[in-house]
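First up is the structure itself, then whatever we jot down about it.
All of the numbers you see were taken from the coordinates with simple rules; none came from a lab. None of the values given here were measured: they were computed from a predicted structure. Using ideal geometry, Cβ is built from the backbone for each residue, glycine included, and neighbour counts are taken over all protein chains shown.
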Amino acid sequence: MGREAVGMKDATRAVRSGLTAARAGEALHAGPVFVSTFHTPGDPGGVEYSYARSHQPTWTELERALGELEGGGGEAASVRVFASGLAAVGAAFWAALRPGDTVVVQEGCYFGARALLTEVFAPGGVQVRVVAVEELASPRNLAGAKLVWVETPGNPRLEVVDVRAVAEAARAVGALVAVDNTTATPLGQKPLELGADLSVCSDTKALCGHSDVLLGHVAVRDAELLARLDRYRTLGGAAAGPMEAWLALRSLATLPVRLERISANALALAEFLVTRAEVGEVLYPGLRSHAGHGVAAEQMRYFGPVLSFTLAGKAEAERFLSRAELVTETTSFGGVTTTAERRARWGGDAVAEGFIRMSAGLEDVADLIADIGRALDRLRAPDGI
């Protein structure tokens, strides 16, 4: 990639992120480096690569590309990649927290993050304080905190948090702010530019976007935090495979067109669902009716693929999912295929039995609307018709 092109737009950065230097006869894109052990004669202190649990050339290329996206047009961020999104979450907690510290956690954020805090970090002495979304910037709720954990848009209820406001309030009490940026990706939203100290992403979702990779990353600008992330990865062994890292690097080139299309499809589906009598609440930050739309419009470049809506109950939700032919019933989100699930089946989220989380894919939106419309129509028909 032409590193001298400082003024490039993010889409151009993403597309050109995997290019090698323009030397005659060399491959246009570097492949994955499959190696666990490197030559290290003599003193290994100045050797960049020695053992692949610590550092690996394919990681380096991916981390550089992600750092340029996370940093935007300004200063590039420093990134460390991990074997999964939850491994990245754990790394962020470990880098920022010590026994006796207090972490303020957004109510209703990703259940895996909540479980990690309550089942692993709390028994080790970390105090966990759960705060409602609208109270995250309250000085009273942040008093004594070391870290504030934000997820915006939230999953699965798509809550929007004003990152700038929370960051300002956190700085006043000496707390760090970490943002789970999975739904938006660093192309859709830049937490570090908004004032956050750590930007965390499950790259398994929209960033890689093909439902075939487990990966996560954490971006920071602080050298001490970076060193702690690096140390955690080495000691904890949460190391990504070179193939997964390479697939993520390759996927970055299509992220701009994928994110634009799935975000447009998600908005069109949300606008359609609002018109249907069978559907109750429709949640999508791109809707003007969404409580957080104004903040989302200011801090997001794309509103993302995820929308949620509520049907009358469990039976209606399951009947809808069984009858929508172009909606694949599965968990996770952000892939090229439109997917959905009745979220209450897992437990852990405060949602109604008929609550559906949907992730818009790349299909033609007219086909999706027609198919979803037919599935909703059949909710009114007797069973078996």
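Quick notes
- Considering only alpha-carbon pairs that sit under 8 angstrom and 6 or more positions apart, the relative contact order computed for the chain is 16 percent.
- Placing +1 on the Cβ of every Lys and Arg and -1 on the Cβ of every Asp and Glu, with nothing else charged, gives region 256-380 a dipole about its Cα centre of roughly 140 debye.
- At R0 = 41 Å, FRET efficiency that the Cβ-Cβ distance of ARG276 and ARG140 yields, to 0.05: 0.50
- Across region 256-380, the fraction of Cα-Cα pairs farther apart than 23 Å, rounded to a whole number, is 25%.
- Protection proxy ranking of 22-32, 190-200 - average other beta-carbon atoms within 10 Å, highest first: 190-200, 22-32
- Over region 61-200, the hull volume per residue, using the convex hull of the C-alpha atoms, is 98 Å³.
- Assigned charges on the beta-carbon of Lys, Arg, Asp, Glu; region 258-311 dipole about Cα centre (debye): 160
- Estimated FRET transfer efficiency when R0 is 51 angstrom, pair VAL35-ALA268 (beta carbons, to 0.05): 0.65
- Where (i) 0.99; (ii) 1.14; (iii) 1.38 are the candidate values, the label of the one calculated here for Rg/Rh (Cα atoms, Kirkwood Rh) is (i).
- Based on every Cα atom in region 1-139, Rg and the maximum pairwise Cα distance Dmax equal 20.0, 59 Å.
- Local electrostatic count at PRO305 - Lys and Arg +1, Asp and Glu -1, tallied over other residues with Cβ under 13 Å: +2
- Residue-wise HN-Hα coupling along region 350-355, computed from phi with Karplus coefficients 6.51, -1.76, 1.60 (Hz; x: Gly, Pro): 7, 10, 5, 4, x, 7
- VAL148 sits among other residues whose Cβ lies under 15 Å from its own Cβ, and their net charge, with Lys and Arg +1 and Asp and Glu -1, is -4.
- With helices as the sole contributors, the chain gives -10000 deg cm²/dmol at 222 nm; each DSSP H run of n ≥ 4 counts as -39500 (n - 2.57), and the sum is divided by every residue.
- A straight line joining the Cα centroids of region 337-385 and region 193-226 runs 29 Å.
- Inter-centroid distance (Cα atoms) of region 248-272 relative to region 21-38, Å: 29
- Net +/- balance of residues flanking VAL351 in space, Cβ distance below 14 Å, scoring K and R +1, D and E -1: 0
- Here the dipole of region 135-271 is about 200 debye; that uses its Cα centre as origin and unit charges on the Cβ of Lys and Arg (positive) and Asp and Glu (negative).
- Nearby lysines by direct alpha-carbon distance to LYS9 (threshold 16 angstrom, same-chain neighbours under 8 apart not counted): LYS190
- Label zone at ALA312, where the point sits 7 Å out along the Cα-to-Cβ direction: region 360-381 residues whose backbone N lies under 14 Å: 376-381
- The simple spin-label model puts a point 7 Å past each Cα toward its Cβ; for ALA366 and THR20 those points are separated by 4.4 nm.
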